[in-house]
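Input: a single structure, listed below in structure tokens.
The values are calculated or read from the model by the stated rules, or taken from the named source; none is laboratory data. Predicted, not measured: the structure shown is a model, and the values here were computed from it. Neighbour counts run over all protein chains shown; Cβ positions are idealised from the backbone, glycine included.
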Amino acid sequence: MKKVDHIGIAVHSINEVLPFFTETLPFRCLHIEEVPSESIRVAFIDAGNVKLELLEPIDESSTIAKFLDKRGQGIHHVAFTVDDIQTRIRELKDKGVKMIQDTPKQGAGGAQVAFLHPKSGHGVLYELCEKNQK
């Protein structure tokens, strides 16, 4: 693990909560995009030493919609930057960590991502995040 890449926050509406982050705090919104494969819309916010990722469901099939129904708005996950996500997944599994994904999938910003099961993370959902090298 290299560093905390971002903290994911589940929200009902990015448009409703974004002014809190950009005007009240005030941080800068880096960009907003949709991730159709996950049925979510995300906004990345520059919070200085870490990014915040606002996660809004596009439809009810989204895991974020289910999270919001069960727990309401709030912190969803903590993401760590990694190199060679495939190797890191293997190393974690060899140490007994249960993964939600055994192979990475496409995430926001073109990153490859995989999630550790919260039971292995002592109740916290952690994400491995490998960014495309440019």
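Of everything in the range 48-82 that is outside any strand (DSSP E or B) and among the basic types (Lys, Arg), the residue that is nearest to residue 129 (Cα to Cα) is 66. Under the condition of being in contact (Cβ under 8 Å) with a residue 60 or more places away in the chain and small (Gly, Ala, Ser), the residues counted in the range 112-134 number 0.
Does residue 108 satisfy the condition of being in contact with an Asp or Glu (Cβ under 9 Å, 6 or more places away or on another chain), buried (at least 19 other Cβ atoms within 10 Å of the Cβ), small (Gly, Ala, Ser) and in contact (Cβ under 8 Å) with a residue 40 or more places away in the chain? When the stated conditions are applied, residue 108 passes them. Of all residue pairs spaced 6 or more apart or on separate chains, those with beta-carbon atoms under 7 Å, a first member in the range 10-29 that is assigned to a helix (DSSP H, G or I) and a second member that is surrounded by 12 or more Cβ atoms within 10 Å (Cβ to Cβ) and among the β-branched types (Val, Ile, Thr) are 14/32; 17/11; 21/45. Here residue 15 meets the list (1) within 13 Å of the chain's Cα centre (by Cα); (2) within 22 Å of residue 70 (Cα to Cα) almost entirely, failing just condition (1). Each residue in the range 79-99 was checked for being free of Cβ contacts under 8 Å to residues at least 40 places away in the same chain and surrounded by fewer than 20 Cβ atoms within 10 Å (Cβ to Cβ), and 12 pass.
With respect to (1) among the acidic types (Asp, Glu); (2) surrounded by 14 or more Cβ atoms within 10 Å (Cβ to Cβ); (3) part of a loop (DSSP other than H, G, I, E, B), the lone exception for residue 102 is condition (2).
Given the options 48, 74, name the one that is free of Cβ contacts under 8 Å to residues at least 60 places away in the same chain and either under 23 Å from residue 124 (Cα atoms) or over 13 Å from the mean Cα position of the chain (by Cα) (or both).
Details: 74 fails: free of Cβ contacts under 8 Å to residues at least 60 places away in the same chain.
Matching residue, one of 48, 74: 48.
Residues considered: 6, 31, 12. Of these, the only one that is surrounded by 17 or more Cβ atoms within 10 Å (Cβ to Cβ) and either under 16 Å from residue 116 (Cβ atoms) or modelled with pLDDT of 95 or more (or both) is 6. Among residues that are touching a Ser or Thr at 6+ places or on another chain (Cβ under 7 Å), part of a strand (DSSP E or B) and in contact (Cβ under 8 Å) with a residue 24 or more places away in the chain, residue 33 is not included.
Please verify whether the range 114-122 includes one or more residues that are aliphatic (A, V, I, L, M), under 25 Å from residue 33 (Cβ atoms) and either in contact with a Cys (Cβ under 6 Å, 6 or more places away or on another chain) or outside any strand (DSSP E or B) (or both). Among the residues of the range 114-122, not one is aliphatic (A, V, I, L, M), under 25 Å from residue 33 (Cβ atoms) and either in contact with a Cys (Cβ under 6 Å, 6 or more places away or on another chain) or outside any strand (DSSP E or B) (or both), which makes the answer no.
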